[in-house]
Amino acid sequence: MSATHSDQVHGNLVRTPSGVLVPGDIDPFHRTLHRVAAGALIGQTTQTSGMKRLEAISGNTVGAASLWMGQTHVSPATASGNHHHGASETAIYVLSGTPVFVFLDVDGDEPAETRIQTVPGDYIFVPPFVPHREENLDPDTEAVVVIARTTQEAIVVNLEALDWSKVRVS
């Protein structure tokens, strides 16, 4: 079998049909940028009461191997259910509204429910397995945040309370 223009190998590089040399171990799907329009976000993700998660960047949408990104919407005067995101680290960017992030701080002498008030432009980091919830106390404005996770899937474990005893590390 003879080599064609698209599979000529130069060291560890491969020449693409357009003539560009790229590393041979990068699959063709991950050489292209992918646009996900705002209206194309997917709402069929694992959900928590009081909020709506929308999937944008994932294995399902763009073939991502180790990243999940999307949005969360919390209606006015609403609190989400308690939950955690398993082994996933979560980064949150507050796009609109003034959501409050609530978690149980267990590092002091007594466990204390701790509230972090945010405004648009703030970032929040949620470590793996930390039980938390989002609250939107504003009676008129929806809270919208952008979320990025270190796992390709949207891991969501819903909990009855901010209770570490129900957290299982697998």
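The table that follows gives values for the structure above.
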{"item": "Given (1) in contact with a His (Cβ under 6 Å, 6 or more places away or on another chain); (2) at pLDDT 95 or above; (3) farther than 26 Å from VAL36 by Cα, number of the condition PHE129 does not satisfy", "result": "(2)"}
{"item": "Conditions (1) surrounded by 14 or more Cβ atoms within 10 Å (Cβ to Cβ); (2) part of a loop (DSSP other than H, G, I, E, B): number failed by VAL169", "result": "(1)"}
{"item": "Residues located in region 124-155, provided they are closer than 24 Å to ALA112 by Cβ and among the aliphatic types (A, V, I, L, M)", "result": "ILE124, VAL126, VAL130, LEU137, ALA143, VAL145"}
{"item": "Some residue of region 148-162 being touching a helix residue (DSSP H, G or I) at 6+ places or on another chain (Cβ under 9 Å) and under 28 Å from ARG35 (Cβ atoms)", "result": "yes"}
{"item": "Members of region 62-117 found to be hydroxyl-bearing (Ser, Thr, Tyr) and in contact (Cβ under 8 Å) with a residue 24 or more places away in the chain, listed by number", "result": "SER66, THR72, SER75, THR78, SER80, SER88, THR90, TYR93, SER96, THR98"}
{"item": "Given (1) touching a Pro at 6+ places or on another chain (Cβ under 7 Å); (2) closer than 19 Å to LEU54 by Cα; (3) at pLDDT 95 or above, index of the condition ALA77 fails", "result": "(2)"}
{"item": "The one condition in (1) at pLDDT 85 or above; (2) surrounded by fewer than 14 Cβ atoms within 10 Å (Cβ to Cβ); (3) hydrophobic (A, V, I, L, M, F, W, C) that ILE57 fails to fulfil", "result": "(2)"}
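The values are calculated or read from the model by the stated rules, or taken from the named source; none is laboratory data. For clarity, every value in this text was computed on a predicted model and none was experimentally measured. Don't worry about glycine lacking a Cβ; one is built from the backbone with ideal geometry, like all the others, and counts go over all protein chains shown.
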